[in-house]
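For reference, the structure is listed below as structure tokens.
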Amino acid sequence: MRKNIVAGNWKMNNSLQEGLDLAKDLQKTLKGKTLQCEVVICTPFIHLASILKEIDTIGLGAQNCADKVSGAYTGEVSAAMVASTGAQYVIIGHSERRAYYGETNAILKEKVLLALANDLTPIFCIGEVLPEREAGIQEQVVETQIRESLFDLSPADFGKIVLAYEPVWAIGTGKTATSEQAQEMHAFIRKTITGKYGKEIADNTSILYGGSANASNAKDLFSNPDVDGGLIGGASLGVDKFLPIIEAF
């Protein structure tokens, strides 16, 4: 059975001490609770090794990794480096990386391969921007992103991927895809996976929703049969906002 996952993406927020305090607070709050989902926090690189020492029931992930193994790539952090901190997850292909840093499907394909080679679980982001949604080509856009970055993987390796659907027009804008829109796209994504890898792998792939989910809409979003959790941005930066999303399952 596929996992329900609520993953917090801290983005470029929190000093090291602030990050440690937030992780400790979240760990303390969740301790003893019976949860219906796995909780993951994806922090800036500099936080990873320190935060790992403070958590035991929370998964840890990076927000990116390089598309190269090692070498003269100043400022880059390799998948092997991420793995060496004890992190288990890495976000790959977030819409901000695609938009601000020009990451193409081909680049992201290399990142996925390196993440898997280092036993990291990629949280692979896909999604359309507003003009694409308005043109009615969102399914074509998402299918292309999946096919060009992931469909050369073996069935066994694809089975290690977590997907996160981001309606990019709903990130940080205050807009949110309706529950029906989310389910429609998640069902399409699962159908696309079925066409390539078969029903069993598709049914076992976790597909998260990543578009301004919050305490007020999480329960409605997560009630959909093909929505397996969320990739949460701003609402993951405070336990008071993050906890109700975790408990929406």
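Considering only residues that are closer than 24 Å to residue 242 by Cβ and free of Cβ contacts under 8 Å to residues at least 40 places away in the same chain, which ones fall in the stretch 190-215?
213, 214, 215
Which members of the stretch 83-101 meet the condition of being farther than 19 Å from residue 113 by Cα and among the hydrophobic types (A, V, I, L, M, F, W, C)?
99
Taking into account only those residues within the stretch 191-245 that are hydroxyl-bearing (Ser, Thr, Tyr) and buried (at least 23 other Cβ atoms within 10 Å of the Cβ), which is nearest to residue 61 (Cα to Cα)?
Initial filter on the stretch 191-245 (hydroxyl-bearing (Ser, Thr, Tyr)): 192, 194, 197, 205-206, 209, 212, 216, 223, 236.
Keeping just the survivors that are buried (at least 23 other Cβ atoms within 10 Å of the Cβ) gives 209, 236.
On the way: 209: 17, 236: 14 Å.
Among residues in the stretch 191-245 that are hydroxyl-bearing (Ser, Thr, Tyr) and buried (at least 23 other Cβ atoms within 10 Å of the Cβ), the one nearest to residue 61 (Cα to Cα) is 236.
How many residues does the stretch 1-32 contain that are farther than 21 Å from residue 227 by Cβ and touching a residue at least 40 places away in the same chain (Cβ under 8 Å)? Don't jump to the end; show me each part of the working.
Step one: list which residues in the stretch 1-32 are farther than 21 Å from residue 227 by Cβ, which gives 10-32.
This time we only want the ones that are touching a residue at least 40 places away in the same chain (Cβ under 8 Å), so: 10-11, 13-14, 22, 25-26, 29-30.
So the count comes out to 9.
Criterion first (surrounded by fewer than 19 Cβ atoms within 10 Å (Cβ to Cβ), acidic (Asp, Glu) and assigned to a loop (DSSP other than H, G, I, E, B)) does residue 119 satisfy it?
Values: surrounded by fewer than 19 Cβ atoms within 10 Å (Cβ to Cβ): yes; acidic (Asp, Glu): yes; assigned to a loop (DSSP other than H, G, I, E, B): yes.
Here the answer is yes, as residue 119 does meet what is asked.
For residue 40, are the conditions met, namely being touching a Phe, Trp or Tyr at 6+ places or on another chain (Cβ under 7 Å), surrounded by 13 or more Cβ atoms within 10 Å (Cβ to Cβ) and assigned to a helix (DSSP H, G or I)? Spell out how you get there, then give the answer.
Numbers: touching a Phe, Trp or Tyr at 6+ places or on another chain (Cβ under 7 Å): yes; surrounded by 13 or more Cβ atoms within 10 Å (Cβ to Cβ): yes; assigned to a helix (DSSP H, G or I): no.
Spelling it out, it is not the case that residue 40 is touching a Phe, Trp or Tyr at 6+ places or on another chain (Cβ under 7 Å), surrounded by 13 or more Cβ atoms within 10 Å (Cβ to Cβ) and assigned to a helix (DSSP H, G or I).
When you scan the stretch 165-172, do you find a residue that is under 24 Å from residue 226 (Cβ atoms), touching a residue at least 60 places away in the same chain (Cβ under 8 Å), surrounded by 14 or more Cβ atoms within 10 Å (Cβ to Cβ) and among the charged types (D, E, K, R), even just one?
Within the stretch 165-172 (the criterion being under 24 Å from residue 226 (Cβ atoms), touching a residue at least 60 places away in the same chain (Cβ under 8 Å), surrounded by 14 or more Cβ atoms within 10 Å (Cβ to Cβ) and among the charged types (D, E, K, R)), the answer is yes, since at least one residue qualifies.
Are any of the residues in the stretch 173-180 closer than 14 Å to residue 213 by Cβ, in contact (Cβ under 8 Å) with a residue 60 or more places away in the chain and not aliphatic (A, V, I, L, M)? Before you say what the answer is, go through the steps one by one.
First, the residues of the stretch 173-180 that are closer than 14 Å to residue 213 by Cβ: 173-179.
Restricting the remaining residues to those that are in contact (Cβ under 8 Å) with a residue 60 or more places away in the chain gives none.
Within the stretch 173-180, not a single residue is closer than 14 Å to residue 213 by Cβ, in contact (Cβ under 8 Å) with a residue 60 or more places away in the chain and not aliphatic (A, V, I, L, M).
Residues of the stretch 50-102 being crowded, with 18+ Cβ neighbours inside 10 Å, among the polar types (S, T, N, Q) and in contact with a Ser or Thr (Cβ under 7 Å, 6 or more places away or on another chain), which ones?
78, the sole residue that qualifies.
Assuming residue 142 fulfils every condition listed in (1) buried (at least 18 other Cβ atoms within 10 Å of the Cβ); (2) under 25 Å from residue 59 (Cα atoms); (3) under 18 Å from the mean Cα position of the chain (by Cα) apart from one, which condition is it?
The single condition residue 142 does not satisfy is (2).
Table: residues versus (1) of a type in the set (D, E, K, R); (2) more than 25 Å from residue 119 (Cβ to Cβ); (3) at pLDDT below 95.
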position	(1), (2), (3)
135	no, yes, no
139	yes, yes, no
144	no, yes, no
151	no, no, no
154	no, no, no
158	no, no, no
161	no, no, no
170	no, yes, yes
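Only one of (1) more than 16 Å from residue 248 (Cα to Cα); (2) under 19 Å from the mean Cα position of the chain (by Cα); (3) surrounded by fewer than 18 Cβ atoms within 10 Å (Cβ to Cβ) is not met by residue 10, so which one is it?
Answer for residue 10: the failing condition is (3).
For residues that are at pLDDT below 95 and not hydrophobic (A, V, I, L, M, F, W, C), tally how many sit in the stretch 190-232.
Total satisfying the criteria: 6.
Given (1) touching a strand residue (DSSP E or B) at 6+ places or on another chain (Cβ under 6 Å); (2) surrounded by 19 or more Cβ atoms within 10 Å (Cβ to Cβ), identify the lone condition not met by residue 149.
Residue 149 satisfies every listed condition except (1).
With respect to residue 76, is the statement that it is of a type in the set (Asp, Glu) and in contact with a helix residue (DSSP H, G or I) (Cβ under 9 Å, 6 or more places away or on another chain) true? Even if it seems obvious, please write down each step before you answer.
On the way: of a type in the set (Asp, Glu): yes; in contact with a helix residue (DSSP H, G or I) (Cβ under 9 Å, 6 or more places away or on another chain): no.
Taking the combined requirement at face value, the residue does not satisfy it.
The values are calculated or read from the model by the stated rules, or taken from the named source; none is laboratory data. No experiment lies behind these values; they were computed from the predicted model shown. We place every Cβ from the backbone using ideal geometry, glycine too, and count neighbours over all the protein chains shown.
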